[in-house]
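S.K.: Sending over a structure as structure tokens; questions will come in a sec.
The values are calculated or read from the model by the stated rules, or taken from the named source; none is laboratory data. Since this is a predicted model, take the numbers as computed values, not measurements. In this analysis, Cβ positions are derived from the backbone assuming ideal geometry, glycine residues included, and neighbour counts consider all displayed protein chains.
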Amino acid sequence: MRILVCNEHYAHTGGAEVYVLDVMARLEARGHEVGVLHDAPAAPELEGRRPAFRVPGSMGFLHDPSPAAAEAARRAAAAFAPDAIYLVQAMNPAVNLALAGAAPCVQYAMGLRLTCPTGRRLPRTWEGVCTKPFDAHCLWKAHTQLCMPRRPDTALKVWNDVRRNLKAARLAQRILAPSRYTRDLLVRGGTAPELVEVLYLYTDLTPAMERARPAAERRILALGRMEAEKGFQHLFEALPLLDEPAVLELVGDGPFRKELEAMARQAPARHRAVITPWAPRERLTGVFSRARVVAIPSTWPEPFGIVGIEAMAHGLPAVGFEVGGIADWLSGGKTGALVPRKDIPALARALGAYLGDPDLALRHGAAGREEVRRRFLPGHHLDRLEAVLAEAAGARRPR
């Protein structure tokens, strides 16, 4: 098949891009011809690797809504002549509607932008996660819950972009969702249930990962972009509740890093807090090998939470707040612990259980690795994606 992948970035810039670059390479390894339509400048090392078409303003949240951008994207698709188009991070409704008319499409709803104008589902005027479906009431919430820009014209534009992107997505042969949580939000928002299918993300399971075990040191590891919604600050709140000395290591970077560094300096003397830069993927096994347990303290509803299955592949138990799609891969009492959102005493108890019982960490870590082997390997994802794209190429709407 000739498959055109559409994503805002064609570079190693974030989780969606890591997925896009990896899935394109795996599709090519299976004998498919892959092209990419993108918005932002490509990474220099990717230049010439495959047919690539850049249309500025065509994919991002801040996009060009003009007919000219849509026509440029349509011409780029026509130049590649795909059998199927695979949309990942594509947020320009004019372009998405044009692409839906250019070739059969499959859309991966990797984030929450098709279910919420902010893509976060976190109201600012009350504590909790919004459970309401996307609808016209979101415009009212912009003023009562400060979820969106308060200027009526700006709020209307953001809301209308989501509405039109949903319209384009519903023209696809299939919408894929990374978790049951995301799928259910789409269905509750009015998308036909038969159009949406859960397709989990994946991780490798290398020989080095197979050999990994929970470390002897009482070390908690958390990885990811340092934003308030990732919840790393709650690990510092849990530290005083741990009786025995422990090490807390945060790996990553982001706008919340300075605040976390200040918290690290104020950690109880019996504990040690370490903040280290993000490690390349080839060095992550070494990072995981230092830990006894991995924490995923996100307070926003993660569409999936890929760090969790990477921890499980390394034979580590995971502890996370029960939000979003985390329960799709984290089985409390079997592969780790699920605790109520922002319940700091429960978080401390769960982490303390693994820090104080190496055998428990070993058993749950081993169970997690078996879960990865059973459900979250690359072949599981690629086999189904390939079949869905083939169905789309035949212009057959799945029944």
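S.K.: Does the stretch 129-140 hold any residues that are in contact (Cβ under 8 Å) with a residue 12 or more places away in the chain and under 25 Å from the mean Cα position of the chain (by Cα), and which are they?
M.R.: Selection gives VAL129, CYS130, PRO133, PHE134, ASP135, CYS138.
S.K.: A further question on this structure: Search the stretch 85-112 for residues that are within 14 Å of ASP39 (Cβ to Cβ) and pair each with any residue that is of a type in the set (Phe, Trp, Tyr) when their beta-carbon atoms are under 8 Å apart and the residues are at least 6 apart or on different chains.
M.R.: What qualifies is LEU87/TYR108; VAL88/TYR19; VAL88/TYR108; MET91/PHE61.
S.K.: Looking at ALA76, is it in contact (Cβ under 8 Å) with a residue 24 or more places away in the chain, crowded, with 18+ Cβ neighbours inside 10 Å and over 26 Å from the mean Cα position of the chain (by Cα)? Talk me through it step by step, then tell me what you get.
M.R.: On the way: in contact (Cβ under 8 Å) with a residue 24 or more places away in the chain: yes; crowded, with 18+ Cβ neighbours inside 10 Å: yes; over 26 Å from the mean Cα position of the chain (by Cα): yes.
Spelling it out, ALA76 is indeed in contact (Cβ under 8 Å) with a residue 24 or more places away in the chain, crowded, with 18+ Cβ neighbours inside 10 Å and over 26 Å from the mean Cα position of the chain (by Cα).
S.K.: Can you work out which of the residues in the stretch 192-211 that are of a type in the set (A, V, I, L, M) and out of contact with any helix residue (DSSP H, G or I) (no Cβ under 6 Å at 6 or more places or on another chain) is surrounded by the fewest Cβ atoms within 10 Å (Cβ to Cβ)? First the steps, then the outcome.
M.R.: Let us first name the residues in the stretch 192-211 that are of a type in the set (A, V, I, L, M), namely 192, 195-196, 198-199, 201, 205, 208-209.
Subsequent filtering for residues that are out of contact with any helix residue (DSSP H, G or I) (no Cβ under 6 Å at 6 or more places or on another chain) retains 192, 195.
Details: ALA192: 11, LEU195: 18.
So the residue we want is ALA192.
S.K.: Are there any pairs, at least 6 apart or on different chains, whose C-beta atoms fall under 9 Å, with the first in the stretch 252-273 and in a helix (DSSP H, G or I) and the second of a type in the set (Asp, Glu), and if so, which?
M.R.: Sorted first by the residue in the stretch 252-273, then by its partner, the pairs are MET263/GLU237.
S.K.: Would you check if ARG265 is assigned by TED's automatic domain parsing to the domain that holds TYR354, among the basic types (Lys, Arg) and either under 23 Å from GLY14 (Cα atoms) or crowded, with 21+ Cβ neighbours inside 10 Å (or both)?
M.R.: On the way: assigned by TED's automatic domain parsing to the domain that holds TYR354: yes; among the basic types (Lys, Arg): yes; either under 23 Å from GLY14 (Cα atoms) or crowded, with 21+ Cβ neighbours inside 10 Å (or both): no.
It is false that ARG265 is assigned by TED's automatic domain parsing to the domain that holds TYR354, among the basic types (Lys, Arg) and either under 23 Å from GLY14 (Cα atoms) or crowded, with 21+ Cβ neighbours inside 10 Å (or both).
S.K.: Of the conditions (1) in contact (Cβ under 8 Å) with a residue 40 or more places away in the chain; (2) farther than 27 Å from ARG384 by Cα, THR154 fails just one. Which one is it?
M.R.: Unmet condition: (1).
S.K.: For the stretch 1-69, give me every one of the strands (runs of 3 or more DSSP E) that falls completely inside it and has 1 or more residues that are surrounded by 21 or more Cβ atoms within 10 Å (Cβ to Cβ) and free of Cβ contacts under 8 Å to residues at least 40 places away in the same chain. Quick ask: steps written out before the conclusion?
M.R.: Details: elements: 2-7, 33-38, 52-54.
Of the strands (runs of 3 or more DSSP E) lying wholly inside the stretch 1-69, those with at least 1 residues that are surrounded by 21 or more Cβ atoms within 10 Å (Cβ to Cβ) and free of Cβ contacts under 8 Å to residues at least 40 places away in the same chain span 33-38.
S.K.: Here are ALA103, ALA98, ALA109, ALA90: which of them is within 30 Å of VAL187 (Cα to Cα) and touching a Cys at 6+ places or on another chain (Cβ under 7 Å)? I'd like the intermediate steps shown before the answer.
M.R.: Values: ALA103 fails: touching a Cys at 6+ places or on another chain (Cβ under 7 Å); ALA98 fails: touching a Cys at 6+ places or on another chain (Cβ under 7 Å); ALA109 fails: touching a Cys at 6+ places or on another chain (Cβ under 7 Å).
So the residue among ALA103, ALA98, ALA109, ALA90 that is within 30 Å of VAL187 (Cα to Cα) and touching a Cys at 6+ places or on another chain (Cβ under 7 Å) is ALA90.
S.K.: Now for a separate question. Got a sec? Which of LEU338, LEU316 is crowded, with 16+ Cβ neighbours inside 10 Å, out of contact with any Lys or Arg (no Cβ under 6 Å at 6 or more places or on another chain) and closer than 23 Å to ARG211 by Cβ?
M.R.: On the way: LEU338 fails: closer than 23 Å to ARG211 by Cβ.
Just a single option satisfies the conditions, and that option is LEU316.
S.K.: Quick one: how many residues across the stretch 234-251 are assigned to a helix (DSSP H, G or I) and surrounded by fewer than 16 Cβ atoms within 10 Å (Cβ to Cβ)? Steps first, answer last, please.
M.R.: The initial filter retains those residues of the stretch 234-251 that are assigned to a helix (DSSP H, G or I), namely 234-241.
Now restrict to residues that are surrounded by fewer than 16 Cβ atoms within 10 Å (Cβ to Cβ): 240-241.
Final tally of qualifying residues: 2.
S.K.: If a residue has to be assigned to a helix (DSSP H, G or I) and among the aromatic types (Phe, Trp, Tyr) to count, how many in the stretch 70-102 make the cut?
M.R.: First, pick out the residues of the stretch 70-102 that are assigned to a helix (DSSP H, G or I): 70-80, 93-100.
Subsequent filtering for residues that are among the aromatic types (Phe, Trp, Tyr) retains 80.
Qualifying residue count for the region: 1.
S.K.: Among all residue pairs at least 6 apart or on different chains, which show Cβ distances below 6 Å where the first residue, located in the stretch 211-228, is in a strand (DSSP E or B) and the second is among the β-branched types (Val, Ile, Thr)?
M.R.: ARG219/VAL247; ILE220/VAL293; LEU221/VAL294; LEU223/VAL251; LEU223/VAL307
S.K.: Go over the candidates ALA81, ALA98 one by one and state the one that is surrounded by fewer than 17 Cβ atoms within 10 Å (Cβ to Cβ) and at pLDDT 95 or above. Talk me through it step by step, then tell me what you get.
M.R.: Values: ALA98 fails: surrounded by fewer than 17 Cβ atoms within 10 Å (Cβ to Cβ).
Result: ALA81 is the single residue among ALA81, ALA98 that is surrounded by fewer than 17 Cβ atoms within 10 Å (Cβ to Cβ) and at pLDDT 95 or above.
S.K.: Is it the case that the stretch 57-65 has a residue that's more than 10 Å from LEU4 (Cα to Cα) and touching a strand residue (DSSP E or B) at 6+ places or on another chain (Cβ under 9 Å)? Walk me through it before giving the result.
M.R.: Taking the stretch 57-65 as the starting set, the residues that turn out to be more than 10 Å from LEU4 (Cα to Cα) are 57-65.
From what's left, touching a strand residue (DSSP E or B) at 6+ places or on another chain (Cβ under 9 Å): 58-59.
Taking every residue of the stretch 57-65 in turn, at least one turns out to be more than 10 Å from LEU4 (Cα to Cα) and touching a strand residue (DSSP E or B) at 6+ places or on another chain (Cβ under 9 Å).
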